[in-house]
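First comes the structure, then the notes that go with it.
Here, each number is a calculation from the coordinates, and none is a lab measurement. Please read these numbers as outputs of a predicted model, since none were measured by experiment. Heads up, the Cβs are rebuilt from the backbone with ideal geometry, glycines too, and the neighbour counts pull from every protein chain shown.
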Amino acid sequence: AQSVTQLGSHVSVSEGALVLLRCNYSSSVPPYLFWYVQYPNQGLQLLLKYTSAATLVKGINGFEAEFKKSETSFHLTKPSAHMSDAAEYFCAVTLTGGGNKLTFGTGTQLKVEL
Amino acid sequence: NAGVTQTPKFRVLKTGQSMTLLCAQDMNHEYMYWYRQDPGMGLRLIHYSVGEGTTAKGEVPDGYNVSRLKKQNFLLGLESAAPSQTSVYFCASSFTIGGASYEQYFGPGTRLTVT
């Protein structure tokens, strides 16, 4: 069985500062990993995904994440936060086959301050 | 191309009432899912389907039933609503090519309140 842990349910950064949202996974086989973003009163939108190709993955809106097998991590980063990045971010894991079922972390609410 | 749509967007039910949530996708995806989202708990899988006419239980299936009579539609039913089913419900769809896993596409959600 797979699981995901997101450290920090709330993260606050200043506009222009580095954004770092943490995600650690547990999986008995190589996983596929995803980051989704949810803006208020909306559904989830895919930010980026790791599917066993390049370990450094670039996504939309300037976000990227690095898959580190030795640390079982898939942290999300953005060099310079913008006010429009304020949202909730979810890390998720799935395994090949099995209907693409996703296991989500509990989410991290990102606040961006002036 | 509407993607994944959900009907209704909002609903208030009294305890014991029943209702059906409708999810439709126009991307010809094989897989469809129903999740519930509660504060501090992320999204939890209720039921899912890997093809027309098939359904399977997810993490929190009790109190819900589903049907996938047509490939593009996935219905979630509450037979006797309880206050614990107050939540935001999301539908999603996905596909696979050669056994590889791909991302899920989400609908806008249905906010359900049970009083």
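Residues that are within 13 Å of the chain's Cα centre (by Cα) and crowded, with 19+ Cβ neighbours inside 10 Å, at least 1 per element: which strands (runs of 3 or more DSSP E) completely within region A:1-64 meet that? Let's see the steps before the verdict.
Values: elements: A:3-5, A:10-14, A:19-21, A:24-26, A:32-38, A:44-50, A:56-58.
Filter on region A:1-64 gives A:3-5, A:19-21, A:24-26, A:32-38, A:44-50, A:56-58.
Would you be able to tell me the number of residues in region B:73-102 that are within 14 Å of another protein chain (Cβ to nearest Cβ) and surrounded by fewer than 21 Cβ atoms within 10 Å (Cβ to Cβ)?
Residues meeting the conditions: 8.
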